[in-house]
Amino acid sequence: MAEDLLDSYVIETVAKRIAGDIVWSKELAGALRKWREMFNVSQGELSREMGIKQSVIADYERGRRQAGSEFIKRYVSALLSIDMRRGYKVVKELAKMFGINFPFIVDMRDFGLPIGVDELVKAVDGVIVNSFVTERKIYGYIVTDSIKAILSLSGLEFYQVLSMMVNRVVVFTRVSSGRSPMIALKVAPIRPPIVVFHRPVKLDPLALMLSEVEGINIIVSTKPSEEDLIKGLRSLLVKS
C-alpha cells in the first residue's frame, strides 16, 4: 500500500511540473510538442488516448488553437497514461531529474481550499497535546516515514523537504517518541505550523516542550494503521 501511495505522489508531482512548464513557456504550442516527443508518443497515439481527432492535436501544436488549462491537464494526463502502460519509463527518469523521488515521503497533496486545525483533528482521529491551538490555515500535507527519513535523508534533501513544508501539515509515521523530528524542526529555517505523530509509543517531554517554544501544534493521531491515516487525510481533499 505504501509503495502505491509513493508512486501516486511522484506521478502527480511530475504531472504538475510538466503542466507548469507548458503554461510558463513563451511558446505554448512548442512546449506541448516538446513534451509529447519527450514521451516518444505520436500525435495519433495521443489523439486516441484523449478521444479526439489527430488534426485537433496538430492544431494545438501548431498554435492554430490556444490551449486552456483543462486541455493541458488532459494532454499531460494522456501522456502519463501511455507511459504507465510502458512501465513509467519516462516518469521515473523525470522524477530523478526533478529530485522528487524521496523514499521517505509516503504521500503529499494540496487542498483545493485551506482547512482549519479542527478539520484536521477529525480527519486523523487526533488529539492536540499543546496548551494552545494555532489559527493558521493548512494548504496541504506531507506524510513522512520517520525511520526511512532518518536512514536516507541527506543534507540537500532535508532543505528540499523543508521547502515543501510551507503552510502544510507534516505527518510522521513510525514515530517512537517524536523527539528526533522536533529537534530537526527546531534548527530548521522553515517550520510547519502543525505536525501529526501517528501512534507514537510515548510522547517525549522534550518534543512537547520544543513544540510549545516554537509554536508548532502537535496532533497525536490514533488511526489504527498508516493506510487509515492517509484515507483520513485524503478525505479532506474532497471537502476542500
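The values are calculated or read from the model by the stated rules, or taken from the named source; none is laboratory data. Keep in mind the model is a prediction, meaning the values are calculated, not measured. All Cβ positions, glycine included, derive from the backbone under ideal geometry; neighbour counts span all protein chains shown. When the accessible area is computed, the model is the full protein with side chains, heavy atoms only, and any ligands, DNA or RNA have been set aside. Shrake-Rupley method; radii C 1.70, N 1.55, O 1.52, S 1.80 Å.
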Members of the range 58-80 found to be open to solvent by 20 Å² or more (accessible area, probe 1.4 Å) and within 15 Å of residue 48 (Cβ to Cβ), listed by number: 74, 77
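Please note which helices (runs of 4 or more DSSP H) are completely contained in the range 30-119 and include at least 1 residues that are of a type in the set (Phe, Trp, Tyr) and either in contact with a strand residue (DSSP E or B) (Cβ under 9 Å, 6 or more places away or on another chain) or over 30 Å from residue 195 (Cβ atoms) (or both). Reasoning before the result, please.
On the way: elements: 43-50, 54-61, 69-85, 89-98.
Answer list for the range 30-119: 54-61, 69-85.
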Among (1) over 30 Å from residue 149 (Cβ atoms); (2) touching a residue at least 12 places away in the same chain (Cβ under 8 Å); (3) of a type in the set (A, V, I, L, M, F, W, C), residue 56 falls short only on (2)
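Could you pull out the residue among 122, 92, 137, 148 that is at pLDDT 80 or above and in contact with a Pro (Cβ under 9 Å, 6 or more places away or on another chain)? Spell out the reasoning first.
On the way: 122 fails: in contact with a Pro (Cβ under 9 Å, 6 or more places away or on another chain); 92 fails: in contact with a Pro (Cβ under 9 Å, 6 or more places away or on another chain); 148 fails: at pLDDT 80 or above.
After applying the criteria, what remains is 137.
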Which residue out of 104, 98 is touching an Asp or Glu at 6+ places or on another chain (Cβ under 9 Å), aromatic (Phe, Trp, Tyr) and modelled with pLDDT under 85? 104
